[in-house]
Amino acid sequence: MGEYKRLARPVRGRMLAGVCAGFADFLGWDVTLLRVAYVLLTFLTVFSGVFVYLLLWILMPVAVQGPGRNP
């Protein structure tokens, strides 16, 4: 059976909490472009993106590092 992707914050490759890195990994996008887009949208929406980031930091689980998985 195929393995499905799970939305989670990675242990490695994150800058602050890993929210953008988790979304980039889940969607298959470049993490740098997603971070730039997030910062631009945060400035354009009068910093409401900060609240969303904090909320996602709390709600998104940390990625599980198990046997056979690359760290």
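A few notes on this one:
- Qualifying residue in segment 22-45 (condition: in contact with a strand residue (DSSP E or B) (Cβ under 7 Å, 6 or more places away or on another chain) and not aromatic (Phe, Trp, Tyr)): yes
- Of the helices (runs of 4 or more DSSP H) lying entirely inside segment 6-71, the ones with 2 or more residues being loosely packed, with under 11 Cβ neighbours inside 10 Å are found at 31-44, 48-59.
A short reminder: the numbers here are calculations on the coordinates, not readings from a lab. Nothing here was measured: the structure is a model prediction, and the numbers come from that model. A quick note on method: Cβ atoms are made from the backbone with ideal geometry, for glycine too, and the neighbour counts reach across all protein chains shown.
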